[in-house]
Amino acid sequence: MAAGMGEQAPGAPGEPRGFQLDKEFLASPKGLLMLGELALSLLVFALLTASVSAYMGAALLETLLTAAVLGLRGTHAHHHLPALHWPCLDMLRCGSAALIFLVVAVAAVAASREGAAVSAATFGLVLAGVFAYDGVRTYRLQHAAGLGQDSRVEAEE
């Protein structure tokens, strides 16, 4: 009998089969944080495109990288690549994005004082803070997992 709309497909409990989108992950704190990062990245990219287009490449790169990681995490496809240490890659992604958006925000304001550039700088600084928070949160959850507090990590993840 085929699984209906509300039924779970056979396989691991709580995990969608194939590349179905996991709505529970998107509603989790990590999923909401990544969705916020993606939305703010798109906003900064659009503002940079409208004002100082020389810096839009960095914003586009981080937007695409965030979308790719969100897609992998949201479909549980990252479980099919066990050789990669995903928390470390996530911290690296967050750290590099925070640094890139911090530099781009300052450079955008230095290059132009028009409204879109100032808005891009403001949202870029906010986004750098969000990425920094995500990286620190990921580190703290992994540190807690290393100390044997796995139940708390899985509950917050």
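None of the figures in this text is laboratory data; all of them are computed from the coordinates on show. Worth saying up front: this structure is predicted, and the values here are computed from it rather than measured. Because the Cβ atoms are built from the backbone with ideal geometry, glycine has one as well, and the counts that use them run over all protein chains shown.
Residues whose amide H comes within less than 5 Å of that of THR75, counting only those at least five positions distant or on another chain, are ASP22 (H built at 1.01 Å from N in the peptide plane). Computed from the C-beta positions of ALA54 and LEU92, the FRET efficiency with R₀ = 25 Å rounds to 0.50. Taking 7 Å steps out from each Cα toward its Cβ at HIS80 and VAL103 produces label points 3.4 nm apart. Scalar couplings 3J(HN,Hα) for segment 62-75, obtained by applying the Karplus form with A = 6.51, B = -1.76, C = 1.60 to θ = phi - 60°, are 5, 5, 5, 5, 5, 5, 5, 5, 5, x, 5, 6, x, 9 Hz; x denotes Gly and Pro. 3J(HN,Hα) along segment 42-49: 5, 5, 5, 4, 5, 5, 5, 5 Hz, from the Karplus curve 6.51 cos²θ - 1.76 cosθ + 1.60 with θ = phi - 60°, whole Hz, x for Gly and Pro.
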